[in-house]
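To keep things clear, I will list the structure first and then write my remarks on it.
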């Protein structure tokens, strides 16, 4: 039995669920734990993440993690906060404002999509985690991000009412498109699917659906990037009316 398989057996999981172990004795701190949790989820999936497995990855006992993170739920909150902080830094804090508001929205939209594409197994968590304020819409849950977003819109001439309308439309667009894209680009849903798919209402035999079968190649094409650009352009054209 290999070292990985032996460690997996001791932890009650499979070798598939045991990602690489961090080498070296780096000091343990909260940010390192959260960054390693992000790497774990990217590699092995959200549902494989446990405090014990994360401790194994870091080369420590699970109990050592509780000095910095109270539990798994708080760990997941921290993962979302770290990614939102990265988004804020990359799209707003460290970037000069674009010359006009359409470029501003394009820049922010591509930043959020980059996060979703880079972390397809985590983005659904970002989109479903309770927000810091109940009136915030997923996936834009960072108070700093939304504050800067609304401030930017008003600097470009949007009224407060129009700014809120743009925020809502923008958030809904991003959530719908990117949640779908990240779920298709991840095997999380496949891992959750039951092994025996019993049909209760309609047949699951593809032979009963000749058009779906005949167009399978077209239906399975990855057109997310082009669809995102087209839909974003249409959204910006609609939002121009709000600014007027």
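Remarks
- In this calculation the C-beta distance from residue 180 to residue 114 is compared with R0 = 25 Å, giving a FRET efficiency of 0.95.
- Alpha-carbon centroids, the range 134-169 and the range 49-88: separation in whole Å: 30 Å
- Our estimate of slack between residue 68 and residue 143, defined as 0.36 nm per intervening residue step minus the Cα-Cα distance, is 24.7 nm.
- D (Stokes-Einstein, µm²/s), Kirkwood Cα radius, the range 71-152, 1.567 mPa s at 4 °C: 98 µm²/s
- Of the peptides 206-214, 69-77, 143-151, the order by per-residue mean of other Cβ atoms within 10 Å, starting with the highest, comes out as 143-151, 69-77, 206-214.
- R0 of 51 Å, Cβ-Cβ distance residue 198-residue 86: FRET efficiency to nearest 0.05: 0.75
- Using the average count of surrounding beta-carbon atoms within 10 Å as a protection proxy, the listed peptides 33-43, 57-67 rank, highest first, as 33-43, 57-67.
- All alpha carbon pair distances within the range 31-170 were sorted into 5 Å bins beginning at 0; the resulting P(r) in whole percents reads 2, 9, 19, 20, 16, 12, 9, 6, 4, 2, 0.
- What the Kirkwood sum gives for the range 96-243 is a hydrodynamic radius of 17.6 Å, with every pair of different alpha carbons counted.
- Computed lengthening from residue 95 to residue 223, 0.36 nm per intervening residue step minus Cα-Cα distance: 43.2 nm
- Stokes-Einstein D in µm²/s, Kirkwood radius over Cα pairs - the range 107-172 at 25 °C with 0.890 mPa s viscosity: 196 µm²/s
- FRET efficiency for the residue 135 to residue 30 pair, using the beta carbon distance and R₀ = 22 Å, is estimated at 0.15.
- The C-alpha atoms of the range 63-112 occupy a region whose extents along the principal axes are 50, 16, 10 Å, arranged from largest to smallest.
- Once the Kirkwood radius over Cα pairs is known for the range 20-108, the Stokes-Einstein relation at 4 °C and 1.567 mPa s delivers a diffusion coefficient of 89 µm²/s.
No lab work stands behind these numbers, since they all come straight from the coordinates. All figures in this text were calculated on a predicted structure; none of them were measured in a lab. All Cβ positions, even for glycine, are placed from backbone atoms using ideal geometry, and neighbour counts span all protein chains on display.
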